[in-house]
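Here is the structure we will look at, set down as structure tokens.
Just so you know, all these numbers are worked out from the coordinates, no wet-lab data involved. Treat the numbers as computed from the prediction; the structure is a model and nothing was measured. Counting neighbours? That spans all protein chains shown, and the Cβs are built from the backbone with ideal geometry, glycine included.
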Amino acid sequence: MKHEAAARVVINMPREQAWSLLKDLSLAHNYVPGITHTEITTEKAEGPGASRRVFQSSGKGMDETIVEWNEGHGFLIRLHRGEKGAPPPFANAAFRYRLDDAGHNCTALTTSLMFDMRWGALGRFLHSRLLHKTFRGVIRDVAISMKQFYETGEPVKPEQLKQLRINARQAA
């Protein structure tokens with residue numbers, strides 16, 4: 001895929017503990033801004049082929065299917081709407097969650113969105129002029145929200161996100 005937006009945070013817990021949360025595909029609504037609930041849609045709950053549907057406050061759903069699984073370290077999940085492919089503005093899109101040991105019983109979490117834009121030259125223009133900053137911000141929000149959820153066990157509320165952004169900027 002041509003484009004990537006990524007963010008990295010350090011979570012104050014060992015990687016094995018972070019992995020036990022990450023591999024639970026039913027938890028996304030606790031840390032992905034704008035997602036209200038999550039449903040596992042396959043018999044398989046983890047590993048390649050496992051799939052979930054995440055729902056936004058608008059009621060729209062999006063399917064996410066595991067295409068790569070690296071036990072203990074992360075996975076790549078393809079974003080799609082049923083058999084229609086990636087939701088606009090994407091031609092293709094996947095999200096990678098990656099966990100690495102960061103020392104001192106901490107875990108480095110890298111979240112990244114990899115994608116191709118639809119609409120040819122118009123899509124490239126929209127990405128370069130408008131959307132690249134938005135995508136980077138969304139991916140950063142997912143990472144800092146995951147850190148908060150993993151460390152506290154409490155779902156991240158929309159009103160908390162503004163303060164989490166400020167805290168993340170100050171820590172950088």
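For the range 98-158, what Kirkwood radius comes out of the mean inverse Cα-Cα distance, in Å? Mind dumping the intermediate values first?
Numbers: mean 1/r = 0.0726 Å⁻¹.
Across the range 98-158, the inverse of the average 1/r is 13.8 Å.
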Helix-only estimate, please: 222 nm mean residue ellipticity of the chain, summing -39500 (n - 2.57) across DSSP H runs of length 4 or more and dividing by its residues, to the nearest 500.
-9000 deg cm²/dmol
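For the range 1-138, rounded, prolate or oblate, judged on the Cα gyration tensor with a ≥ b ≥ c (square roots of eigenvalues), a/c < 1.5 rounded, else prolate if a/b > b/c?
Working: a/c = 1.90, a/b = 1.33, b/c = 1.43.
Oblate is the answer for the range 1-138, as a/c is 1.5 or above yet b/c matches or exceeds a/b.
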Sort 121-130, 140-149 for me by packing, meaning the mean count of neighbouring Cβ atoms within 10 Å per residue, highest on top.
140-149, 121-130
Among W69, W119, W19, what is the fewest-to-most ranking by other Cβ atoms within 10 Å?
W119, W69, W19
Counted neighbours (other Cβ, 10 Å), sorted fewest up, put T111, T152 in the order T152, T111
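Considering only the other residues whose Cβ falls under 15 Å of the Cβ of P158, what net charge follows from Lys and Arg at +1 and Asp and Glu at -1?
On the way: positive: K157, K162, R165; negative: D141, E154, E159.
Residues close to P158 contribute a combined charge of 0.
Below 13 angstrom from the Cβ of K133, what's the summed charge of the other residues (Lys, Arg +1; Asp, Glu -1)?
Numbers: positive: R129, R136, R140; negative: D141.
Its environment carries a net charge of +2.
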